[in-house]
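Some notes on the structure that comes next.
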Amino acid sequence: MKTALYASAAVIALAAFGTTAAYAQSRDTIQIAGSSTVLPFASIVAEEFANAFPDYKAPNVAGGGSGGGKRQLCEGVGEATLDIANSSSKMSASELESCHGNGVTDVREIVFGYDGIVFATGIDQGDFALEPVHLYKAIAAQVPVDGEMVDNPYANWSEIDASLPDQAIFVAIPGTNHGTREVFDQRVLEAGCEAAELPEMDEDAMEAACLTPRQDVVVEIAGDYTETLARLQSNPEAVGVFGLSFYDQNRDTLKVATVSGVEPSLDTIAAGDYPVSRPLQFYVKGAHIGVIPGIEDYVAFFLSEQMAGAGGTLEAAGLVPASSEFRAGQLEAFNNAEQYTR
């Protein structure tokens, strides 16, 4: 499994770390942080990687959200900085610009599979057949009523649509530090906002109207999905936003909603039928390749059939696998030092 070190990467890394002595004394543990969605997958890979490659220490994997991981990756080059950032959202142009401004000019993206964003309540609650417009009307601070924008008047889901449960509205959504929030905003709130047919307004006002959550019955979760689950345990009527893999691990306590008539599952996401799905990826700091031991082998191991393939360890943990051909292309691009661009 071990891949060859690239001379060019080593030269860049030596320059970044300063001297040959610095190279010899660099830390020997890969440092990884970021997405709470990717966290369980990366943690599994890190543990299995250490078992498969006893010459390496197990990578240190932390959470902190997609945004936090990418910010840490972009802080600079050197052994005091992050090697890999996990993310459930794509690195934006502004994030990449921040990287480049701090000397992190070689950033490599690895997409390893897919996940879906699901909406769940306590298992004994009503059945939700949701559309994006329902979620927008439940969550937005202001909504259109008779052609005018007004403070959100809805207290129960059945007031939004008679087909929904007569259940008090309370929604736990990811905080802005999470990649899940970016996908949630784009695939759910913006789509629901469009379907709600807001009155004409300028672009900035429209964005605010679509994406500003109400404060009375919406809570933004800065922590990971366990914090969202705790909210539902204290208020089973609440609707929480989770990654599919986390929901799969908690099916005994959670009931999932359909979205646009489709139930989230490995099959419906893989087929492209479930509307709220996204790629999962991590970003590697190229300057650390050849300096921090094991980065190339970790990437190859993560993308292996054993870990990320159909029937592999990560599928059993809830990952929707990418094809073997796609993953081979990701590894080839990484080994060819193809840099991420926006």
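The values are calculated or read from the model by the stated rules, or taken from the named source; none is laboratory data. Quantities reported herein were computed from a predicted structural model and do not represent experimental measurements. All Cβ positions, glycine included, derive from the backbone under ideal geometry; neighbour counts span all protein chains shown. The area values use the complete protein model at the heavy-atom level, side chains included, leaving out ligands, DNA and RNA. Shrake-Rupley method; radii C 1.70, N 1.55, O 1.52, S 1.80 Å.
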Checklist outcome for this item: quick shape note, the stretch 108-225: Cα extents on principal axes in Å, largest first -> 48, 42, 22
Checklist entry - Mind checking the log10 I(q)/I(0) for the chain at q = 0.11, 0.14 Å⁻¹? Debye, one equal scatterer per Cα, no solvent, two decimals. => result -0.74, -1.08
Item to check | Cβ-based net charge around F334, under 9 Å, with every Lys or Arg adding one and every Asp or Glu removing one | outcome: -3
Checklist outcome for this item: For the chain, the per residue accessible area (1.4 Å probe, Å²) is 42 Å²
Item to check | Value of [θ]222 nm, deg cm²/dmol, for the chain, DSSP H segments ≥ 4, -39500 (n - 2.57) each, nearest 500 | outcome: -10000 deg cm²/dmol
Checklist entry - Does the stretch 276-342 come out rounded, prolate or oblate by the C-alpha gyration tensor, with a ≥ b ≥ c the root eigenvalues, rounded set by a/c under 1.5 and, if not, prolate when a/b is larger than b/c and oblate if not? => result prolate
Next on the checklist: Residues of the stretch 71-107 with backbone nitrogen within less than 16 Å of a virtual label 7 Å along the Cα-to-Cβ line of R27, please, listed as ranges.
Outcome noted: 71-86
Next on the checklist: I'd like the carbon and sulfur percentage of the solvent accessible area for the chain, probe radius 1.4 Å, heavy atoms only, ligands and nucleic acids excluded.
Outcome noted: 49 percent
Checklist entry - Can you list, largest first and rounded to whole Å, the semi-axes you get for the stretch 203-342 by taking the square root of 5 times each eigenvalue of its Cα gyration tensor? => result 33, 21, 17
Checklist outcome for this item: Eigenvalues of the alpha-carbon gyration tensor of the stretch 75-173, times 5 and square-rooted, give semi-axes in Å, largest first, of 42, 19, 11
Checklist entry - Any idea what the dipole of the stretch 33-104 comes to, in debye rounded to 20, about its Cα centre with Lys/Arg Cβ at +1 and Asp/Glu Cβ at -1? => result 200 debye
Item to check | Degrees, to the nearest 10: 7-17 long Cα axis against longest axis of the chain | outcome: 80 degrees
Next on the checklist: Using only the alpha-carbon atoms, what does the stretch 234-293 span along each of its principal axes? Please give whole angstrom values in decreasing order.
Outcome noted: 50, 33, 16
Item to check | DSSP-defined antiparallel bridges as percent of all bridges, the chain, nearest 5 | outcome: 65 percent
Item to check | Hull-based mean projected area of the stretch 60-104, where the convex hull spans the alpha carbons, in square nanometres | outcome: 3.0 nm²
Item to check | Square roots of five times the Cα gyration tensor eigenvalues for the stretch 163-268, Å | outcome: 25, 16, 15
Checklist entry - Tell me, what is the 1.4 Å probe accessible area of I44, in Å² to the nearest 10? => result 50 Å²
Next on the checklist: Report the Cα centroid-to-centroid distance between the stretch 271-299 and the stretch 154-208 in angstrom, as an integer.
Outcome noted: 30 Å
